[in-house]
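These notes are about the structure you will find just below.
The values are calculated or read from the model by the stated rules, or taken from the named source; none is laboratory data. Please read all numbers here as calculations on a predicted model, not as lab measurements. In case anyone asks, the SASA skips ligands and DNA or RNA and just uses the protein heavy atoms, side chains included. Shrake-Rupley method; radii C 1.70, N 1.55, O 1.52, S 1.80 Å.
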Amino acid sequence: MRMVLQLLRPVVLVGVLLASGPLLRRLAFTFETGFPDRAHWPPVAAVMVVFAAVAVAGRHRASPAVLAVEAVVALPLAFVPPVQWVLWFGVGTFTVFTDATGGVFGPVGLMQPLATMWLAVVLVTAIDLVRGGRSPERSEASVS
């Protein structure tokens with residue numbers, strides 16, 4: 001059961017990133033009109049807080065296989081420039097994704113900074129696991 005929940009983490013994190021797309025489109029529109037609306041910032045901040053909470057939750061029992069899956073998912077999201085996603089997918093084909101990257105309206109995208117944070121959390125967890133700091137056996141033994 002624990003492995004299933006850990007494997008759901010990348011799915012949930014990508015879902016949260018995609019959910020930020022429509023919010024960012026509305027926020028970018030208010031900047032284009034010259035009248036930034038403060039009402040759009042709290043949902044964007046909430047998306048960032050939820051993303052960070054999910055990315056960090058349950059790391060004391062991480063398995064190497066799950067960390068590898070997370071790294072494979074987070075790596076391209078963190079390092080592929082937003083404009084490249086638009087070139088690959090186009091503007092109209094997968095709008096939610098290109099909105100989340102910020103590739104359509106400039107530096108407002110959340111995908112790259114949040115995915116970079118996610119990748120950093122994965123790498124720190126993997127390094128800690130390799131050093132023997134938080135193996136599942138040690139964390140269960142320390143609780144007993």
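So, in the range 111-138, how many residues would count as being open to solvent by 60 Å² or more (accessible area, probe 1.4 Å), at pLDDT below 80 and part of a helix (DSSP H, G or I)?
Within the range 111-138, residues that are open to solvent by 60 Å² or more (accessible area, probe 1.4 Å), at pLDDT below 80 and part of a helix (DSSP H, G or I) number 2.
Filter the range 17-53 down to the residues that are open to solvent by less than 40 Å² (accessible area, probe 1.4 Å), among the aliphatic types (A, V, I, L, M) and at pLDDT 85 or above and list them by number.
ALA52, the sole residue that qualifies.
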